[in-house]
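Here is the structure we will look at.
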Amino acid sequence: MLNRSTFQAMADQQLSLITASNRQSRYWVEQYHRQQSQVAGVWPGADVLPITAWLNRLFFACARNTDAPILLNANQSLSIWQQVLEQSDAADYLISVKATARKVQDAFQILNRWNVALTDVLPNTEDHEAFIRWAKDYQSRLNQMQAIDASQLPEWLTHYFSQLNQESADSEASLKSLLKLFDTELNSQLLLLGFHQMEPGLQQLFKALMQCGLTIREVINSGETKALFDQPSSEKNTRKQTRNPKVMALSCQSFEQELLHACDWSIRRLTANANAKLAIVVPDLEKRRYQVEALLKQQLHPELLSECEPEKTVYNISVGLPLTNFGMVRIALNLLELMAKPVELSKWAEILRSQCFKLEAKDNRFNVSDEFYWRLKQFAFELPAEGEETTSFESMTDRIQYLGSKFLDEQEAQVLAGAFTSMKELIGHANKEQSAEAWSQLFINWLKLWGWPGTSSLTSYQYQLRDQLLSLIKQLRQFNILGEQCHFKQAFSWLRSLLEGAVFQPKSKGEPIQVMGLYEAVGLEFDALWICCLSNEVLPEAANPNPFIPLSLARQHQLPGSGPERELEYANTLIDGLLATSDNVAVSYHKMDQDRELSPSPLILQRLSAHGFLPADIYNKSLSESIEQTELSWQSSTTIESSLWQLVPPEQEYFVDDYGQPYQESQLKSGNQFLTAQALCPMQGYLAHRVGLMEQEVAVNGMDPRTRGVYVHKVMQVIWQRLVKQSTLLGSTDDELKALINRAIIECADDRFSKDDLIAQLEKEKFSLLIFDLLQLEKKRQSFTVTACELEKNIVVNGLSIQSRIDRIDHVDDYGDVIIDYKTGQVNASKWYGDRIAEPQLPLYLMADHQHVSAICFAQLHHKKVSFSGVAKENGILPGVPSIEKAKTEISDWQSFIYYIESELETLTDEIKQGYAAVKPNEKQHACDYCPFDSVCRVAELNAGEFPDDSSTDVGDRGI
Ligand code: SF4
């Protein structure tokens with residue numbers, strides 16, 4: 001991708017390579033050294049930096065020449081945001097100040113990077129109003145400190161270089177004086193790599209530097225370079241975007257199967273060429289990290305299955321693990337905690353059982369014998385049986401010394417006493433207020449006294465872990481900038497937040513297989529690349545706007561995550577970038593994700609076809625056509641227990657409280673929606689309809705399902721108000737019906753269906769076809785008359801009055817009434833039966849007049865199928881709707897069905913009245929998949945077993 005002359009310019013110290021990511025920098029430094037080793041015996045280092053490091057270097061170089069503000073890093077900025085939020089009126093209402101502070105910080109940074117003024121944010125909602133207030137407060141704190149944060153850095157630098165340029169007489173003189181001023185920290189040529197959607201703030205900075213005379217070029221996907229901001233013609237762009245790789249495409253049944261194929265593909269390539277550089281790209285790698293590692297180990301390193309921290313593998317996974325997942329780090333935190341307060345016996349037990357400390361004399365010449373540590377372990381195992389009390393450092397060390405008096409010789413006992421005395425002296429300092437820097441030093445000294453991390457011969461893995469923790473403790477000094485003397489509690493909480501955000505990623509040792517996320521491979525080069533999971537759900541990604549920035553503003557400025565068009569454009573660039581990384585590319589997707597059917601990403605197919613790589617039906621090839629069979633046999637895809645990596649959960653106070661406030665009104669607010677949510681999960685019902693939590697607004701591709709549903713209901717109402725009887729339907733020709741449908745479609749379209757909106761037009765065309773198909777089905781029914789459309793009705797169940805709107809009631813001659821509910825999604829009447837009713841809306845309507853109703857059914861208008869789905873008193877009332885006797889349920893007749901529905905609705909309404917809010921999602925209905933409240937109910941923690949097993953409680957009962 002970079003040619004010889006570029007490497008030469010780097011070796012001549014004339015050119016700096018600036019990359020979008022750290023990984024790209026690391027990779028191109030390696031490539032530079034590899035290339036230079038072939039042409040020279042000795043060679044200078046290259047100036048290759050990721051953009052963040054380069055901006056910081058530029059800033060500190062400027063700061064030597066001018067009065068510069070203080071530059072805050074991300075942690076310092078976040079802690080100011082936290083202070084702002086904690087001291088605001090909203091603090092009491094925020095579920096998590098820290099999480100909100102991160103979101104607000106993100107919104108503020110996006111606005112800065114995209115040059116959007118805070119004054120453009122209109123206070124239209126409470127969230128936006130609060131954001132404006134917080135942002136002003138944050139900015140005034142920064143002004144007081146004379147500081148800027150990282151998102152304001154490009155603007156500050158732009159201003160600095162523009163001024164320099166204005167002061168200089170001509171551009172040549174300007175460049176000369178600039179290079180003199182910056183010495184080695186600024187080269188006259190910059191080469192940018194991997195910047196696909198450059199933020200306007202950065203663009204301005206580079207423009208200012210170009211005006212000062214710098215030459216700035218960027219690497220394009222073909223590996224060539226072009227002057228920054230030059231627009232290549234679109235034809236040239238398309239032709240040169242990729243290197244025209246060989247592409248193999250594969251569809252698999254499951255993600256496991258995809259990854260197993262990718263492993264075998266890697267083995268075959270490595271067998272053919274041991275020096276091959278391969279990459280497996282897994283979108284959502286962070287979420288799938290454990291699963292991916294388990295499968296890779298199973299396939300590529302079965303000999304390492306029992307090792308938690310394998311050191312020698314042929315693969316490297318780019319996503320690290322949270323630092324606090326590692327026992328060594330957790331013990332360090334426990335040790336620090338007991339510095340200032342008594343801790344629980346279970347924590348003491350964990351420390352004393354671990355091998356992460358070592359007590360030795362001050363001069364390190366003598367330490368306590370191994371035998372004593374074994375005694376100490378025995379002692380530690382018995383501690384939890386003493387109960388849940390807390391014990392101070394003093395009383396525990398007295399007990400340890402008493403134990404020592406039985407098993408240690410005199411010299412060893414002195415070592416022990418000496419170590420504890422030094423610790424007590426240090427604890428004296430921990431009671432005072434002091435600066436963050438002093439705390440940082442105190443923490444390090446304390447760990448040293450404990451001999452943490454214990455063993456003198458650390459593996460490379462442990463060594464890196466130790467270094468990372470110590471460096472984070474040193475980073476506590478950053479908080480000095482807040483100018484506070486603080487207590488242990490504050491310093492420890494800063495340290496915790498530093499650790500919580502940290503991931504441990506062991507250094508890559510040049511492993512031949514690199515496993516990366518979707519965005520990391522771009523800008524690198526491989527002998528072969530496999531991209532997994534390219535389904536319709538992955539590319540383009542769903543828009544994910546920041547809730548503190550008004551959507552209209554985000555769209556106006558094309559901010560990240562603001563809308564489908566931006567995501568589409570980004571996805572196209574991404575695919576081109578990925579295809580440019582290798583001459584051999586395999587793409588795959590899995591057809592099933594649990595019980596959801598997936599299809600290949602239309603975008604990748606279109607992109608590949610556009611470049612002439614493969615026919616559009618490539619995914620339909622069978623496995624044997626796409627990949628030669630190998631003698632390797634697939635192993636089963638069972639995953640290894642990830643518990644090896646998990647933390648021992650901290651002891652927590654625990655109580656079960658499944659009930660919130662009882663519901664005391666007689667009218668059920670949000671009627672059906674409340675019932676439906678309660679049926680799916682009591683906690684979901686309570687949060688949505690009692691607490692009033694609202695789903696965060698998300699942009700969707702095309703029309704949102706609610707608008708679509710309302711529209712179709714209106715159209716059906718208009719059609720049946722005109723037809724009224726089946727006989728009229730039967731007497732109409734197809735052309736007359738089509739005309740009727742089209743008239744209704746036009747009549748019901750409102751502002752959201754503008755003529756110029758392509759998606760709206762497609763929706764209209766789709767529904768005109770689906771409605772026509774439904775009317776053909778209606779022709780096959782018993783003779784009927786539509787007696788009501790969109791009928792408002794108050795239904796009383798168990799003393800609760802529920803306001804409802806029934807889509808349609810038909811009277812069928814000789815049978816009675818049929819209640820119909822239109823659905824534009826896929827439906828299944830079997831949801832009504834089972835341990836707990838789901839989708840209770842139609843059954844509720846049955847209760848409105850069960851004497852006369854002889855069938856309830858959905859009319860499904862979905863592109864996969866137009867059909868009726870429901871249940872009837874007798875067979876033959878509606879096509880495809882069985883009698884209750886024939887339905888797949890144990891309910892034997894219509895009357896029993898009515899009793900069953902009555903009792904299910906009673907259960908649900910009883911729960912609502914009592915305020916029942918257990919975290920008990922209906923797993924069969926995948927309740928959590930579409931529920932936005934998982935961060936509040938913390939169901940993931942529950943499923944991970946992070947709450948104690950209480951036999952008196954059902955799994956899932958945790959309450960609120
Ligand atoms: S995420 Fe699942 S458990 Fe939590 S409230 Fe929603 S449905 Fe219930």
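Every number in this text was worked out from the coordinates using simple rules, so none of it is lab data. This one's a predicted model, so the numbers in the text were calculated from it and none came from an experiment. With ideal geometry, Cβ positions are generated from the backbone for all residues, glycine too; neighbour counts draw on all protein chains shown.
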Worksheet item: Using a simple charge model, +1 on the beta-carbon of Lys and Arg, -1 on the beta-carbon of Asp and Glu, nothing else, what dipole does the chain show about its Cα centre, in debye to the nearest 20?
Response: 2360
Worksheet item: Picking from 37, 124, 545, whose Cα lies most toward the positive end of the charge dipole for the chain (charges on Cβ: Lys, Arg +1; Asp, Glu -1)?
Response: 37
Worksheet item: Straight-line reach from residue 176: which lysines have a Cα under 29 Å away, not including same-chain ones fewer than 8 places off?
Response: 207, 226
Worksheet item: For the chain, with the dipole built from +1 on Lys and Arg beta-carbon atoms and -1 on Asp and Glu ones, taken about the Cα centre, which of 892, 165, 812 lies farthest toward the positive end?
Response: 165
Response to the item:
FRET efficiency for residue 70 and residue 496 from the Cβ-Cβ distance with R0 = 25 Å, rounded to 0.05, comes out at 0.55
Worksheet entry | Student exercise, the stretch 363-439 dipole from Lys, Arg, Asp, Glu Cβ charges, in Debye to nearest 20 | 80
Fill in: Nitroxide proxy distance, nm - points 7 Å out along Cα→Cβ at residue 166 and residue 835
7.2
Discussion item. Need the full-extension length gain, residue 910 to residue 375, defined as separation in residues times 0.36 nm minus the C-alpha distance. One decimal, nm.
Written reply: 186.8 nm
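Could you pull out the pairs from 103/432; 432/507; 793/886; 180/277 whose alpha carbons sit more than 32 Å apart here?
Values: 103/432 34 Å; 432/507 39 Å; 793/886 30 Å; 180/277 41 Å.
Violating the 32 Å Cα-Cα cut-off are 103/432; 432/507; 180/277.
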Practice prompt. About the Cα centre of the stretch 779-888, how large is the charge dipole given +1 on each Lys and Arg Cβ and -1 on each Asp and Glu Cβ? Please answer in debye to the nearest 20.
Written response: 520
Worksheet item: Helix-derived [θ] at 222 nm for the chain: sum -39500 (n - 2.57) over DSSP H runs of at least 4, divide by residue count, nearest 500?
Response: -14000 deg cm²/dmol
Worksheet item: Taking the simple approach of a point 7 Å from Cα along Cα-to-Cβ for both residue 405 and residue 471, what is their distance in nm?
Response: 4.7
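Over 23 Å between Cα atoms: which of 448/509; 831/864; 669/766; 591/865 fall into that group?
The answer is 448/509; 669/766.
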Practice prompt. Would you mind getting me the FRET efficiency between residue 254 and residue 926? Use the beta-carbon distance for r and R0 = 22 Å, nearest 0.05.
Written response: 0.85
Worksheet item: Between 726, 772, 749, whose Cα lies farthest towards the positive end of the dipole of the stretch 700-780 when Lys and Arg beta carbons carry +1 and Asp and Glu beta carbons carry -1, centred on the Cα centre?
Response: 726
